[in-house]
There are 2 protein chains.
Amino acid sequence: MKIHFLDLVSDRTTGKGSGRKAGINPPRLLLESFLVLIAIGAGLLKLPFATVEPVTWMEAAFTATSAVTVTGLIVVDTGSQFTLFGQLVILTLIQLGGLGLMTFAVLTALALGFKLRLKQQLVAQEAFNEISLQTAGGAGKSIAVFALTAEAIGIVVLSLFFVPELGWKDGLYEALFYTISAFNNAGFALSPDSLSAYVDHPGISLSVTALFITGGLGYIVMMELLDRRSWSRLSVYVKVILLATLLLNVTATGAILLLEFGNPATLGALDSFWDKLLAAWFQGVTPRTAGFNTFDIGALTAGTSVFMLLLMFIGGAPNSTASGIKISSFVILIAATRSFLRGSHDVSLLRRSLSSETVLKALATATIGMAVVFVAVLTLSILVEDDFLDIAFEVVSAFGTVGLSRGTTGELGTAGQLVIMAVMLIGRLGPLTLGYTLTARRKSHVRYARTEFPVG
Amino acid sequence: MKIHFLDLVSDRTTGKGSGRKAGINPPRLLLESFLVLIAIGAGLLKLPFATVEPVTWMEAAFTATSAVTVTGLIVVDTGSQFTLFGQLVILTLIQLGGLGLMTFAVLTALALGFKLRLKQQLVAQEAFNEISLQTAGGAGKSIAVFALTAEAIGIVVLSLFFVPELGWKDGLYEALFYTISAFNNAGFALSPDSLSAYVDHPGISLSVTALFITGGLGYIVMMELLDRRSWSRLSVYVKVILLATLLLNVTATGAILLLEFGNPATLGALDSFWDKLLAAWFQGVTPRTAGFNTFDIGALTAGTSVFMLLLMFIGGAPNSTASGIKISSFVILIAATRSFLRGSHDVSLLRRSLSSETVLKALATATIGMAVVFVAVLTLSILVEDDFLDIAFEVVSAFGTVGLSRGTTGELGTAGQLVIMAVMLIGRLGPLTLGYTLTARRKSHVRYARTEFPVG
Ligand SMILES: [K+]
Ligand SMILES: [K+]
């Protein structure tokens with residue numbers, strides 16, 4: 001049996017399929033699972049043998065939230081303050097929060113046991129926009145197989161670099177830790193300065209970026225790539241995500257190379273052009289939700305920091321280990337603007353038109369995302385005295401579950417940290433999940449008369 | 001003959017009517033008129049007898065741009081550095097830039113001499129969404145009559161307060177100056193601390209706010225109010241603009257009262273609650289593009305400044321003396337988000353549905369607006385060393401043609417000031433005008449096949 005996978009995933013994750021009609025509310029289920037996971041995680045991290053010195057409940061809860069939402073903002077140093085047990089708890093939370101959300105769509109579908117049906121019309125129009133899957137169970141299994149395979153490859157490759165340097169035990173552990181943290185776009189590190197020690201190490205820099213870019217492309221993209229193996233046979237969605245990812249990564253690398261070239265605290269400290277290029281690539285691709293760093297984020301120029309605000313807000317692909325408003329929403333906003341300016345009401349990408357529902361969804365995602373960031377920045381600018389750029393950076397980093405920080409996380413106070421925890425959670429569940437949770441859904445069939453409405 | 005006024009105005013200002021087809025490009029015409037006006041204005045302000053001491057070409061050009069775009073950001077103090085001649089040049093530029101843009105729609109229509117036609121369909125649906133006008137000439141004339149009447153009333157009322165204090169000559173002149181500056185939402189003042197001397201003067205504070213709120217509601221709203229005189233007979237558009245204006249003004253007043261109550265540099269310096277309320281009202285309504293201030297903007301708390309960023313970005317109503325993305329775009333983004341979350345693809349306001357073109361237009365306006373603000377903030381944060389909040393405030397103030405400043409305008413350097421000049425111009429002409437100028441318009445009738453596209 002063939003199912004229309006995109007339809008399945010998007011229906012499920014937006015809570016608009018038959019599950020919703022059957023009285024089950026996927027967005028709420030998702031929110032509740034995350035809250036339960038955070039509570040269990042905080043309890044485990046509060047255990048005496050989880051940390052070297054006792055941590056407060058607030059520190060445990062913040063760390064658990066940061067891990068489950070794969071953000072990587074920290075108030076307690078992961079490598080030195082958590083024991084091996086504590087670190088394994090964090091890794092487990094990361095794997096469940098990153099991989100877990102990616103499979104949530106399919107797992108919900110399975111749990112609900114609903115019938116998968118073909119959307120005849122769509123299939124007729126675009127027959128190749130499908131993935132051969134036996135059942136929803138098959139989809140769930142294939143996500144797990146794909147993710148675990150990618151992670152296994154990551155561990156092997158990173159071991160090649162870490163083991164010679166640190167010996168078998170520590171080398172393998174670092175390879176495991178950084179693979180899980182990278183593939184899930186978590187950005188947790190074992191060293192307080194993240195991966196700065198490897199700023200000029202092409203092997204580690206490129207392996208880590210490959211892992212988190214793969215995780216951030218998401219399941220749909222990876223399955224299609226493995227299945228189809230030819231550009232012309234890919235769906236428009238997958239082509240757009242790949243092209244936009246490439247464009248964003250190249251632009252970001254170029255911008256950081258330009259803006260930081262002479263900064264003695266960042267690229268200026270590196271001798272060769274190739275080292276600078278490697279470091280610019282690493283720091284250019286990491287803001288779209290991975291959150292590792294190979295130089296001090298607090299030392300970046302204001303220009304680079306502002307540019308990173310945009311990258312962090314955009315994030316990665318839907319149904320992936322990345323967050324933000326997602327590349328898809330960003331691309332659709334641009335496409336819709338271009339369509340309007342050209343006098344066409346048909347929003348299209350690569351010669352395929354988008355439904356008005358898709359455009360509205362991108363609009364809603366971006367609007368709620370902006371609103372969340374604005375309210376959080378406003379609240380923090382009232383609560384704390386910090387520099388405005390540092391506050392804005394912290395909030396957008398939390399929203400995109402990026403985890404880069406200009407050094408303010410520890411200075412926010414309890415109230416400020418609660419705000420950041422809420423933003424991380426909203427960022428990871430997606431702006432629409434917040435919206436669905438707050439909105440009473442009513443399928444009204446009333447059609448109102450059209451009115452004219454001058455704009456802008 | 002009856003015409004559908006909203007249709008006329010929105011068709012004209014978006015450049016999508018028959019004029020465009022006839023080879024005339026209203027957005028470009030608008031841009032060129034503004035550039036010519038700025039050049040003439042700069043030339044006049046550079047004349048030796050326009051200023052007390054010679055100004056540079058850059059200062060003259062910045063002042064002319066600020067006046068024509070009714071922004072009010074200044075690099076040379078208006079009251080002490082410009083002679084009466086110079087001030088009259090500024091007033092003329094304000095009147096042409098504020099009132100001029102408001103009448104531009106109708107004047108273009110007249111110049112093109114096109115036939116006004118009823119849109120039968122719309123008229124049938126919503127027969128009362130029209131204004132009785134004999135011709136486009138009648139509309140142009142009625143804008144002028146309305147604006148000049150409002151300004152005449154303003155001068156009389158403000159004279160009642162200024163003449164007893166300053167004598168006939170100076171009193172009348174101040175009444176004239178502040179009326180034109182307020183009605184056109186220009187925010188230019190004769191004193192370096194704007195209207196701070198009148199922070200506890202209800203007569204002047206309330207008259208000035210009444211003038212700029214009227215100007216910012218725009219012609220369509222005022223004409224309907226004068227014509228219909230009953231809430232139930234107003235169009236949905238006018239009701240929405242009035243309700244949103246009220247809600248934004250009340251919210252802003254409350255927020256400023258709360259956030260500044262204890263600030264000794266602002267509300268804390270005032271003794272009575274009523275004085276504080278008056279000052280909070282004044283400073284709450286002025287960021288949506290008027291730009292006057294009755295206390296020091298640089299002394300506001302960070303929270304108030306961040307809140308004002310939102311107000312300045314939103315601005316006033318379309319076809320008014322205000323700028324920003326406009327209240328209409330802001331309201332539509334919220335309505336579209338709400339519709340999507342409720343599972344309806346029909347975006348509605350007050351039980352009337354909006355066309356998908358209207359929704360796309362709001363999306364395009366907001367997207368281009370955000371892009372302009374982002375690029376300008378990024379550029380300035382690379383060019384100048386200033387505090388990030390001050391830079392962001394300056395850029396959003398220029399985009400909304402507000403003119404409030406935390407004191408950075410003079411410190412931006414030539415390159416920075418050129419950026420601000422460009423942003424003022426884009427803000428006043430509207431984000432879509434920039435978009436139209438940059439986009440090749442092609443009415444393609446190709447319909448692409450629909451594609452599924454996961455979002456958010
Ligand atoms: K992260
Ligand atoms: K202004």
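The values are calculated or read from the model by the stated rules, or taken from the named source; none is laboratory data. Because the structure is a prediction, the values reported are computed rather than measured. All Cβ positions, even for glycine, are placed from backbone atoms using ideal geometry, and neighbour counts span all protein chains on display. What goes into the accessible areas is simple: the full protein's heavy atoms, side chains included, and nothing from ligands, DNA or RNA. Shrake-Rupley method; radii C 1.70, N 1.55, O 1.52, S 1.80 Å.
Numbers for the structure displayed
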read-out: Residues (away from ligand 2 (no atom under 15 Å from the Cβ) and of a type in the set (S, T, N, Q)) located in the range B:319-336; value: B:319, B:328, B:329
read-out: Residue count, the range B:340-355 (criterion: closer than 15 Å to residue A:355 by Cα and within 7 Å of another protein chain (Cβ to nearest Cβ)); value: 6
read-out: Where residue A:394 falls short, out of the listed (1) part of a helix (DSSP H, G or I); (2) in contact with a helix residue (DSSP H, G or I) (Cβ under 6 Å, 6 or more places away or on another chain); (3) within 30 Å of residue B:381 (Cα to Cα); value: (2)
read-out: Whichever residue in the range A:406-456 is in a loop (DSSP other than H, G, I, E, B) and either at pLDDT 80 or above or more than 7 Å from chain B (Cβ to nearest Cβ) (or both) and, among such residues, is nearest to residue A:383 (Cα to Cα); value: A:412
read-out: Restricting the range A:232-283 to residues that are of a type in the set (Phe, Trp, Tyr) and touching a residue at least 60 places away in the same chain (Cβ under 8 Å), the residue that is most open to solvent (accessible area, probe 1.4 Å); value: A:281
read-out: Criterion violated by residue B:365 - all others in (1) at the interface with chain A (Cβ under 7 Å from one of its Cβ atoms); (2) in a loop (DSSP other than H, G, I, E, B) satisfied; value: (2)
read-out: Filter pass, residue B:381 being more than 7 Å from chain A (Cβ to nearest Cβ) and surrounded by 21 or more Cβ atoms within 10 Å (Cβ to Cβ); value: no
read-out: Any pair with Cβ under 7 angstrom, 6 or more apart, that starts in the range A:346-363 at a residue that is closer than 11 Å to residue A:335 by Cβ and ends at one that is open to solvent by 20 Å² or more (accessible area, probe 1.4 Å) and part of a helix (DSSP H, G or I); value: A:349/A:331; A:350/A:239; A:362/A:333
read-out: Residues (part of a loop (DSSP other than H, G, I, E, B) and either more than 28 Å from the chain's Cα centre (by Cα) or among the acidic types (Asp, Glu) (or both)) located in the range A:36-55; value: A:47, A:52, A:53, A:54
read-out: Failed criterion for residue A:395 (all others in (1) out of contact with any Asp or Glu (no Cβ under 7 Å at 6 or more places or on another chain); (2) facing another protein chain (nearest Cβ under 7 Å) hold); value: (2)
read-out: Matching residues, the range A:337-362, being among the charged types (D, E, K, R) and assigned to a helix (DSSP H, G or I); value: A:338, A:357, A:361
read-out: Per-region count, the range A:266-291, residues assigned to a loop (DSSP other than H, G, I, E, B) and either in contact with a Gly (Cβ under 9 Å, 6 or more places away or on another chain) or among the β-branched types (Val, Ile, Thr) (or both); value: 7
read-out: Residue list for the range B:297-316, filter: more than 11 Å from every other protein chain (Cβ to nearest Cβ) and modelled with pLDDT of 95 or more; value: B:311, B:312, B:314
read-out: Test: residue in the range B:217-225 that is away from ligand 2 (no atom under 15 Å from the Cβ), open to solvent by 30 Å² or more (accessible area, probe 1.4 Å) and among the hydroxyl-bearing types (Ser, Thr, Tyr); value: no
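Residues are listed down the side, and each one gets a yes or a no for (1) of a type in the set (A, V, I, L, M, F, W, C); (2) in contact (Cβ under 8 Å) with a residue 12 or more places away in the chain; (3) open to solvent by 50 Å² or more (accessible area, probe 1.4 Å):
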{"position": "B:365", "(1), (2), (3)": "no, yes, no"}
{"position": "B:377", "(1), (2), (3)": "yes, yes, no"}
{"position": "B:390", "(1), (2), (3)": "no, yes, no"}
{"position": "B:393", "(1), (2), (3)": "yes, yes, no"}
{"position": "B:416", "(1), (2), (3)": "no, yes, no"}
{"position": "B:421", "(1), (2), (3)": "yes, yes, no"}
{"position": "B:428", "(1), (2), (3)": "no, yes, no"}
{"position": "B:436", "(1), (2), (3)": "no, yes, no"}
{"position": "B:448", "(1), (2), (3)": "no, no, yes"}
